[in-house]
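Novice: This is the structure, below, for whatever I ask next.
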Amino acid sequence: MALKLYFDKNIGTKLPGVLEQLDLDVAWHMMKQAKLGITGPAHNDPLFTQEAADDEWLADVGKRGWIVFSHDRKFHKFGFESELSAIKQYDVGCFYLWGANAKKYEKAQCFFRAYDRIIEAIENTPRPFIFDVQKNGRLKKVKIP
């Protein structure tokens, strides 16, 4: 299965768009499913509505085997049991990306600093998992209760 990176709506569109231009296979919430080399109306069909609940899209993304990137650092916390349940049930691999309030280029720098570690974590960590991507590009594994 080819690696596909899925970006939650809170990441925005700039970073996934740059990654798509660099030939990474990406998809992002509410915008489009990027299929390299494919154009046409289906290319811009939204994956989920703006109101889609986190556990709904997490389940779908997990079934597809995609890797989630989000700024929400809540999926493993008390009060978000449905999200955590979806992560566990559908073996989701999730990264909390630093930079929710950072400038776009700082967010991109963080992602690229961490990229090799992200790939290594994806390849060597059984799902489900959650990692916190820190500003310096290091990963910190988040305990899933």
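The values are calculated or read from the model by the stated rules, or taken from the named source; none is laboratory data. The shown structure was predicted, so the numbers you read here are calculated from the model rather than taken from an experiment. Reconstructed Cβ throughout: ideal geometry from the backbone, glycine too, with neighbour counts over all protein chains shown.
Novice: What are the pairs with Cβ atoms under 6 angstrom where one residue, in the range 78-96, is within 24 Å of Ala114 (Cβ to Cβ) and hydroxyl-bearing (Ser, Thr, Tyr) and the other, located anywhere, is surrounded by fewer than 14 Cβ atoms within 10 Å (Cβ to Cβ) and at pLDDT 90 or above? Sequence gap at least six, or different chains.
Specialist: Pairs that qualify, where the first residue is within 24 Å of Ala114 (Cβ to Cβ) and hydroxyl-bearing (Ser, Thr, Tyr) and the partner is surrounded by fewer than 14 Cβ atoms within 10 Å (Cβ to Cβ) and at pLDDT 90 or above, are Tyr90/Lys63.
Novice: Follow-up. Taking the range 98-121, which residues are touching a residue at least 60 places away in the same chain (Cβ under 8 Å) and touching a Lys or Arg at 6+ places or on another chain (Cβ under 7 Å)?
Specialist: Lys104
Novice: Would you confirm, using the coordinates I've provided, whether Ala59 is at pLDDT 90 or above, closer than 15 Å to Leu5 by Cβ, more than 12 Å from the chain's Cα centre (by Cα) and not charged (D, E, K, R)?
Specialist: Taking the combined requirement at face value, the residue does not satisfy it.
Novice: Does the range 61-115 hold any residues that are within 17 Å of Leu19 (Cβ to Cβ), of a type in the set (A, V, I, L, M, F, W, C) and part of a helix (DSSP H, G or I), and which are they?
Specialist: Residues satisfying the conditions are Val61, Ala108, Cys110, Phe111, Phe112, Ala114.
Novice: With respect to Ile119, determine if the residue is within 14 Å of the chain's Cα centre (by Cα) and buried (at least 17 other Cβ atoms within 10 Å of the Cβ).
Specialist: Spelling it out, it is not the case that Ile119 is within 14 Å of the chain's Cα centre (by Cα) and buried (at least 17 other Cβ atoms within 10 Å of the Cβ).
Novice: Now a separate question. Where residues in the range 122-144 are more than 21 Å from Val61 (Cβ to Cβ) and touching a residue at least 12 places away in the same chain (Cβ under 8 Å), which of them is surrounded by the fewest Cβ atoms within 10 Å (Cβ to Cβ)?
Specialist: Lys143
Novice: State whether the residues of the range 99-109 include one that is within 20 Å of Leu3 (Cα to Cα) and either under 12 Å from the mean Cα position of the chain (by Cα) or surrounded by fewer than 19 Cβ atoms within 10 Å (Cβ to Cβ) (or both).
Specialist: The answer is yes, given that some residue of the range 99-109 is within 20 Å of Leu3 (Cα to Cα) and either under 12 Å from the mean Cα position of the chain (by Cα) or surrounded by fewer than 19 Cβ atoms within 10 Å (Cβ to Cβ) (or both).
Novice: Right, next: Answer yes if at least one residue in the range 122-135 is in a helix (DSSP H, G or I), more than 19 Å from Asp8 (Cβ to Cβ) and among the hydrophobic types (A, V, I, L, M, F, W, C), and no otherwise.
Specialist: No, because not a single residue in the range 122-135 is in a helix (DSSP H, G or I), more than 19 Å from Asp8 (Cβ to Cβ) and among the hydrophobic types (A, V, I, L, M, F, W, C).
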